[in-house]
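Undergrad: Can you keep this structure in mind? I'll have questions shortly.
The values are calculated or read from the model by the stated rules, or taken from the named source; none is laboratory data. Remember, predicted model here, so these are calculated numbers, not experimental data. Backbone-built Cβ (ideal geometry, glycine too); neighbour counts: all protein chains shown. Just the protein is used for accessible areas: all its heavy atoms, side chains included, with ligands, DNA and RNA removed. Shrake-Rupley method; radii C 1.70, N 1.55, O 1.52, S 1.80 Å.
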Amino acid sequence: MSKLGTLTIGQAPRADITPILDDVLDARLARRHAGVLDGLSRAEIERGFAAEAGKPVLITKLLDGSAVVIDRARTEAAAQTKLAMLEAEGCSTILMLCTGHFASLHTQTARLIEPDRILPPTVAALVQGAQLGIIVPLAEQISSEAGKWAPLGRAPLYAAASPYGGEGASVAEAARDLNGRGAEILLMDCMGFVERHRREAAEAGLPVILSNSLIAKLVSEIV
């Protein structure tokens, strides 16, 4: 049987995401979970992955449960090294546990599944002409991640709410805001959003697409 590798941009294992995969994957499937920031202290992360003003950023979770904002370009470079490691360990399929856009990631022979390449056309087919409202973790991502949603027939509406807590709007508040601005369907655009976030967003009275649940179901068909 094949071996599945997962790569989070934070630290592995992701106790919030792996149960969603476990629900739909064959229990006999061998798995190897890795993270871009594995083994690094917060100080080391701040030195090597510090966000820079005006540059695209990502947010992720560490093993201690805290969140960290990191530079997307540096993360992509480090992720490529980890992909090579997973491939060398025999992973035939590797799933990125991040919906952020990465331009250059690649593998030699393993099937690389990047949610940012799957979600836009899939969601466009699901929502068709409906007005989509997208909840992103960071307000800065509204502009830096917008390009990937070109397949949508209508420009989406955006609101920001982090799945990891902290300051800013809650998921429920972001969902109500999008509903009030005319959204008809909501998308949680981060692998860190889990079922409890879907329930909170659904309080706005709209259908909610959970990115990691959708990706997990699709991946289960090919591994």
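Undergrad: Read through the list (1) more than 19 Å from the chain's Cα centre (by Cα); (2) open to solvent by 10 Å² or more (accessible area, probe 1.4 Å), then give the number of the only condition that ALA183 fails.
TA: Among (1) more than 19 Å from the chain's Cα centre (by Cα); (2) open to solvent by 10 Å² or more (accessible area, probe 1.4 Å), ALA183 violates only (2).
Undergrad: Follow-up. ALA43 versus (1) surrounded by 15 or more Cβ atoms within 10 Å (Cβ to Cβ); (2) of a type in the set (Gly, Ala, Ser); (3) outside any loop (DSSP other than H, G, I, E, B): which is the lone unmet condition?
TA: Only one criterion in (1) surrounded by 15 or more Cβ atoms within 10 Å (Cβ to Cβ); (2) of a type in the set (Gly, Ala, Ser); (3) outside any loop (DSSP other than H, G, I, E, B) is unmet by ALA43, namely (1).
Undergrad: Something else about it: Only residues that are surrounded by 19 or more Cβ atoms within 10 Å (Cβ to Cβ), outside any loop (DSSP other than H, G, I, E, B) and not β-branched (Val, Ile, Thr): list them for the range 46-66, please.
TA: Passing the criteria: PHE49, LEU58, LYS61.
Undergrad: Criterion first (assigned to a loop (DSSP other than H, G, I, E, B) and either more than 26 Å from SER162 (Cβ to Cβ) or under 18 Å from the mean Cα position of the chain (by Cα) (or both)) does ASP38 satisfy it?
TA: yes
Undergrad: Hey, can you tell me all the residues within the range 121-143 that are among the polar types (S, T, N, Q), open to solvent by less than 60 Å² (accessible area, probe 1.4 Å) and assigned to a loop (DSSP other than H, G, I, E, B)?
TA: GLN131
Undergrad: Just for the range 1-13: of the residues that are in contact (Cβ under 8 Å) with a residue 24 or more places away in the chain and within 12 Å of ARG32 (Cα to Cα), which one is nearest to the chain's Cα centre (by Cα)?
TA: THR8
Undergrad: Looking at the range 159-177, which of the residues that are farther than 14 Å from ILE209 by Cα, outside any loop (DSSP other than H, G, I, E, B) and of a type outside the set (Asp, Glu) is most open to solvent (accessible area, probe 1.4 Å)?
TA: Ranking the candidates gives ARG176 first.
Undergrad: Which pairs have Cβ atoms under 9 Å, sit 6 or more apart or on different chains, and link a residue in the range 155-177 that is on the phi > 0 side of the Ramachandran plot to one that is surrounded by fewer than 18 Cβ atoms within 10 Å (Cβ to Cβ) and assigned to a loop (DSSP other than H, G, I, E, B)?
TA: As it stands, the answer is GLY168/ALA139, since those pairs meet every condition given.
Undergrad: Okay, moving on. Would you point out the residue of the range 186-200, among those that are more than 23 Å from GLY153 (Cα to Cα) and open to solvent by less than 50 Å² (accessible area, probe 1.4 Å), that is farthest from the chain's Cα centre (by Cα)?
TA: Taking the candidates together, the pick is HIS197.
Undergrad: Among (1) open to solvent by 10 Å² or more (accessible area, probe 1.4 Å); (2) within 24 Å of ALA79 (Cα to Cα), which single condition is PRO115 missing?
TA: Only one criterion is unmet by PRO115, namely (1).
Undergrad: Inside the range 156-193, can you point out the residues that are of a type in the set (Asp, Glu) and closer than 12 Å to LEU206 by Cβ?
TA: If the condition is that a residue be of a type in the set (Asp, Glu) and closer than 12 Å to LEU206 by Cβ, then ASP177, GLU184 are the ones that fit.
Undergrad: What about THR99, is it surrounded by 15 or more Cβ atoms within 10 Å (Cβ to Cβ) and out of contact with any strand residue (DSSP E or B) (no Cβ under 7 Å at 6 or more places or on another chain)?
TA: Taking the combined requirement at face value, the residue satisfies it.
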